[in-house]
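The values are calculated or read from the model by the stated rules, or taken from the named source; none is laboratory data. From a predicted model like this one, the values you see are computed outputs, not experimental measurements. Virtual Cβ from ideal backbone geometry, glycine too; neighbours counted across all protein chains shown.
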Amino acid sequence: MSGADPAPAAVVFGCVGLSLTADEKALFRACNPAGYILFARNIDTPDQVRRLTDDFRDLSGNDEILVLIDQEGGRVRRLRPPHWPDYPAMRPFGDRAVSGPNEAAHCLRLNYRLIAADLEALGINVNCAPVLDLPVTGSHEIIGDRAFSNDPALVAHLGRAVCDGLLQGGVLPVIKHIPGHGRAFADSHLELPRVDTPLDELRRTDFAPFVELCDAPAGMTAHIVYEAIDAGGPGSSSPAVVQETIRGDIGFDGLLFSDDICMKALSGPLGARVMSVLDAGCDLALHCDGDFDDMAAIAETCPPMRPESLVRLNSAAERMDDSDDFDADDAKRRISAFLEG
C-alpha cells in the first residue's frame, strides 16, 4: 500500500462461504477492510480458494491486501488433505528439539517454508503462526500441542525458525498470543480467562519468548485478564496490557492484531468491541465468524487505520522475501527423517 492510497478500515473480516455473496461484495467494497481471514468453511479446492482471494484483491484494488489463515499444523489447520499435506503440530518439533535444537529449528524453517508455498499459491499472504505460549500444568487444552514447549528459550529459538521459513516463502508470520495464553485455565473462545501470576514471574516466563521475537513483523493479542497488569478487563482491550506491556515491557512494535472479537471472552456490542481493542492500541481488529449483519454494523463505525498502524503494515509487508532457492522434496525428506528418527 502506498502512502497516497486511502487508509483502509482498521478491521479484518471473514466471509460466510466458498465464494462471496453479492451483499458481501457490496459491503466490502464500501467498507474497504484492511484484510480478510479464511476458515474451513471457505476452503474446498485450490482453484476455488484462489478465486476467492482474487475476489478480495479485485474488491480492494490492492494486490497486497492482507489475506490471513490459521495454518499452524496439527489440530489448527484450515487446509487439509486431500488437496494439501497433513502438517504436524508444533509440539513434536519441541519434544525432539530437547536433544537437537539446531536440527529442530532447521526442519521447522523448512516445514513452514513448505506451508508458505502452499499459501502463496492460493493468494494467502499471512499465516497466524507461530504460537509462543508456554502451557503450565492444568491449563486449558486449547493451547496444548500447539505450543512447542514450556521452556521459554526453546520456544523462542523454534518460533524464530517458523518466522524465518514463512518470510522466506513470502508469507507474513503472526506471533501469538502476546503477551501469553499458556496460563489460561479456560478457553477464551467460550469465557474470559483470568491469570493471577505475579508480574515478575510473567516477565521471566510467559513474556520471554515474545521479548526474544519482539522484532517479528506481526503479532496477535490474547483475550485474557492479567490481574498483575490490569484486573479490569481483557488484555486485548486494555491500554495497560497493549501499550505498557506489549509495546513497552516486551518491546514489540510490529503490526498488532486483536484476537477474534467474536469470542465470548469479550462482551458488549461488536462495534464497541472493535473500538475497545483499537483504543487500547491494537492496529487491527479481527472479526472472524462472517456474520453479515454484524459486519455491516461494524462497518458503520470502524475508523480507518491510524498513520502509525499504516507504517507498521507497510514495514511488515517489506519483510516478506519469497526466495526461490528451495528444494521442496529435499525439505520433506529431511523433516520426515527428523520426526521419525
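Structure above, values below:
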| item | result |
| --- | --- |
| Breaking point among (1) β-branched (Val, Ile, Thr); (2) under 14 Å from the mean Cα position of the chain (by Cα); (3) assigned to a loop (DSSP other than H, G, I, E, B), for VAL162 | (3) |
| Count - residues of region 185-208 that are among the aromatic types (Phe, Trp, Tyr) and either within 20 Å of ALA156 (Cα to Cα) or touching a strand residue (DSSP E or B) at 6+ places or on another chain (Cβ under 8 Å) (or both) | 1 |
| Some residue of region 292-312 being under 16 Å from the mean Cα position of the chain (by Cα), within 19 Å of ILE69 (Cα to Cα) and surrounded by 21 or more Cβ atoms within 10 Å (Cβ to Cβ) | no |
| Residue tally, condition surrounded by 21 or more Cβ atoms within 10 Å (Cβ to Cβ), of a type in the set (A, V, I, L, M, F, W, C), in contact (Cβ under 8 Å) with a residue 60 or more places away in the chain and under 23 Å from ALA296 (Cα atoms), over region 28-51 | 3 |
| Search result, residues across region 170-181 that are small (Gly, Ala, Ser) and either buried (at least 24 other Cβ atoms within 10 Å of the Cβ) or in a helix (DSSP H, G or I) (or both) | GLY180 |
| Residue within region 145-167 that is closer than 24 Å to ASP325 by Cβ, of a type in the set (Val, Ile, Thr), touching a residue at least 40 places away in the same chain (Cβ under 8 Å) and in contact with a Ser or Thr (Cβ under 9 Å, 6 or more places away or on another chain) present | no |
| Within region 14-27, tally of residues that are in contact (Cβ under 8 Å) with a residue 24 or more places away in the chain, out of contact with any Cys (no Cβ under 8 Å at 6 or more places or on another chain) and not in a loop (DSSP other than H, G, I, E, B) | 3 |
| Filtered residues of region 230-264 (kept if out of contact with any strand residue (DSSP E or B) (no Cβ under 9 Å at 6 or more places or on another chain), buried (at least 17 other Cβ atoms within 10 Å of the Cβ) and within 21 Å of ILE37 (Cβ to Cβ)) | MET263 |
| Of the criteria (1) on the phi > 0 side of the Ramachandran plot; (2) assigned to a helix (DSSP H, G or I), which one VAL241 fails | (1) |
| Test for LEU79: is it on the phi < 0 side of the Ramachandran plot, modelled with pLDDT of 95 or more, among the aliphatic types (A, V, I, L, M) and assigned to a loop (DSSP other than H, G, I, E, B) | yes |
| Sole residue being more than 14 Å from the chain's Cα centre (by Cα), more than 27 Å from ARG160 (Cα to Cα) and assigned to a loop (DSSP other than H, G, I, E, B), chosen from CYS262, CYS214 | CYS262 |
| Matching entry among SER267, SER315 (being exposed (fewer than 15 other Cβ atoms within 10 Å of the Cβ) and under 18 Å from the mean Cα position of the chain (by Cα)) | SER315 |
| Matching option when the condition is in a helix (DSSP H, G or I) and either in contact with a Cys (Cβ under 8 Å, 6 or more places away or on another chain) or without any contact (Cβ under 8 Å) to a residue 40 or more places away in the chain (or both), among ASP325, ASP289, ASP293, ASP279 | ASP293 |
| Residue match in region 73-89 (condition: touching a residue at least 40 places away in the same chain (Cβ under 8 Å) and acidic (Asp, Glu)) | no |
